[in-house]
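The values are calculated or read from the model by the stated rules, or taken from the named source; none is laboratory data. Owing to the predicted nature of the structure, the values given are computational and were not obtained by experimental measurement. As a convention, Cβ positions derive from the backbone with ideal geometry for all residues, glycine included, and neighbour counts pool all protein chains shown.
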């Protein structure tokens, strides 16, 4: 399989990488380590962690971002795994329909999807109108942590379900039969064969949900209100409100390092498996 | 019914989408026997095996293990284990863990598991391979791991679904010997599925020849070879010249325009029959000494013998002999009474002709490719 591809064929991809990955990354690093005049400095990082109060608030923002993202990822996994299992074990037409059901929300604009949740969760929204009509007390849902996590789960669920489904679909039915043949019950097959063999799919699903969840800002702004400040919001604020590109870049860099750290932990799980479903 | 019957299939029938796969199949298997289900692909042999294993439930009839009906018993509660066509080893586990899989499910103590895995790997000649990943093994080694894994849980009956189909010829021969010796050593009943008649003849105690969802003949390898029940069996197992004949009376048969003495009796007077003569049973003699005369139309060197296609009054015979002939030679044919085998006419009689369009490649194709059944 070690065929040398022509450098000419590589060129567009290389150019793409250069323009849209390496240059922006370089700019982030450059801004994070430079002052307004463009000279090298560590002042940005020092300023971010200058006082105990600043350190605490930064830790708070990062900590909550992680926590929200972890919760969303865990819920996605719990929902997506049975869904993917069911899909992989149903007939072709059912599979197509379920796939469509998962894909359709992805065709709609992400911002519109998130915004429409406001009209559902609002104090005078769809759910509360329904509760009122049933003479039940209204529930505050919008601008709660639950709403933010719901938004994340809703938007990122397909990214968990699809890689798991792909791996499960490739799982040979004869392996399941072999396990049954050797004495495994339905649950035993799931625990000893299906689950361990779908780990690569789970790993890539976790990556694909966790990364956008931890860095999102729109969902927390629209569904969480001003109370929930996530790291994504903070970075957005630096760039668009405070026009402090340097601090924004520094925060981005810290976030990137944190994500890389999480990825390295995840990679341990997918190592040794032959599937190339893992994306970094 | 005999006492030592381990598996008893009674009136098994099965349909897929209205297509009959098995038609009223009756078969019993004795303890310690090496039984082979032999037939072309699509004959229902793998389906039969899957019904025994419990992966398929028959539409009609009953599978019994001893005296116990297996209706509704799932695969994991049946005392049989399967060796799958493509081994079906667990890629996420190493050799040791694959073999230990069934033992761990049975919650045996750790030392007992270790002892049994070691023993099984020794039996299949894979000692020292414990830590290897199954992906790093050759096809033959993977097959051995599959055998060890199935034998480790001490099944009463081992089901083997074309286990050697993916191996090359030399390895296949070695594994045949090895399987036979393992079966001998452990005294386990083997039910073996194959489309390879040579494999069936050399390994089995009993061969069950199947076609179109029906059992065509059950017998020892010698029985099915020497006394095939119908034209299908005669044609599928080994090479056969199958001629249209008439029995004017006991111990006498007429075919190819001549009368031959034979050893069969009990047919109606002038009953139409199929006459089977194996290529190696024909004696080649000088033309004037033969009962029949024919012209050699093709000669193939086969190593141990030559294979001739001989035109006798328009019917192409296959004859095997160690004496060389040339194309175009006229030879005499003589057949001893005991080499003539008489069969009742069957639905297969008209389907099977002479060797006029014979080629090795064609024969391989028609005797079913391995794989899907």
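Taken over the range B:52-74, the criterion of being assigned to a strand (DSSP E or B) and either within 14 Å of another protein chain (Cβ to nearest Cβ) or in contact with a helix residue (DSSP H, G or I) (Cβ under 7 Å, 6 or more places away or on another chain) (or both) is satisfied by B:63 alone.
Restricting B:170, B:156 to those that are more than 18 Å from residue A:182 (Cα to Cα) and within 26 Å of the chain's Cα centre (by Cα) reduces the list to B:170. Using the structure shown, decide if residue A:121 is out of contact with any strand residue (DSSP E or B) (no Cβ under 6 Å at 6 or more places or on another chain) and touching a residue at least 60 places away in the same chain (Cβ under 8 Å). Taking the combined requirement at face value, the residue satisfies it. Quick one: would you say residue B:38 is within 18 Å of the chain's Cα centre (by Cα), within 17 Å of residue B:14 (Cα to Cα) and buried (at least 21 other Cβ atoms within 10 Å of the Cβ)? The answer is no for residue B:38. Under the condition of being more than 7 Å from chain A (Cβ to nearest Cβ) and either in contact with a helix residue (DSSP H, G or I) (Cβ under 9 Å, 6 or more places away or on another chain) or in contact (Cβ under 8 Å) with a residue 24 or more places away in the chain (or both), which residue from the range B:75-90 is surrounded by the fewest Cβ atoms within 10 Å (Cβ to Cβ)? The qualifying residue surrounded by the fewest Cβ atoms within 10 Å (Cβ to Cβ) is B:79.
Taking the listed residues A:8, A:78, A:15, the one that is closer than 30 Å to residue A:190 by Cα and out of contact with any helix residue (DSSP H, G or I) (no Cβ under 6 Å at 6 or more places or on another chain) is A:78, with no other qualifying. I'd like the residue in the range B:306-332 that is touching a helix residue (DSSP H, G or I) at 6+ places or on another chain (Cβ under 9 Å) and buried (at least 18 other Cβ atoms within 10 Å of the Cβ) and, out of all such residues, is farthest from residue B:240 (Cα to Cα). Here the answer is B:331.
Among the numbered conditions (1) closer than 15 Å to residue B:158 by Cα; (2) within 14 Å of chain A (Cβ to nearest Cβ); (3) part of a loop (DSSP other than H, G, I, E, B), the only one that residue B:32 does not meet is (2). Of the helices (runs of 4 or more DSSP H) entirely within the range A:178-270, those holding at least 1 residues that are farther than 30 Å from residue B:161 by Cβ, away from chain B (no Cβ under 14 Å) and in contact (Cβ under 8 Å) with a residue 24 or more places away in the chain occupy A:199-215, A:218-224, A:231-240, A:245-270. Just one of the listed residues (B:281, B:274) is assigned by TED's automatic domain parsing to the domain that holds residue B:327, more than 30 Å from residue B:8 (Cβ to Cβ), out of contact with any strand residue (DSSP E or B) (no Cβ under 8 Å at 6 or more places or on another chain) and modelled with pLDDT of 90 or more, namely B:281. Criterion applied to B:127, B:138 was being more than 28 Å from residue A:200 (Cβ to Cβ) and away from chain A (no Cβ under 13 Å), and the one residue passing it is B:127. Would you mind stating whether residue B:113 is without any contact (Cβ under 8 Å) to a residue 24 or more places away in the chain, in a helix (DSSP H, G or I) and either under 23 Å from the mean Cα position of the chain (by Cα) or more than 28 Å from residue A:200 (Cα to Cα) (or both)? Considered against the rule, which asks whether it is without any contact (Cβ under 8 Å) to a residue 24 or more places away in the chain, in a helix (DSSP H, G or I) and either under 23 Å from the mean Cα position of the chain (by Cα) or more than 28 Å from residue A:200 (Cα to Cα) (or both), residue B:113 comes out as yes.
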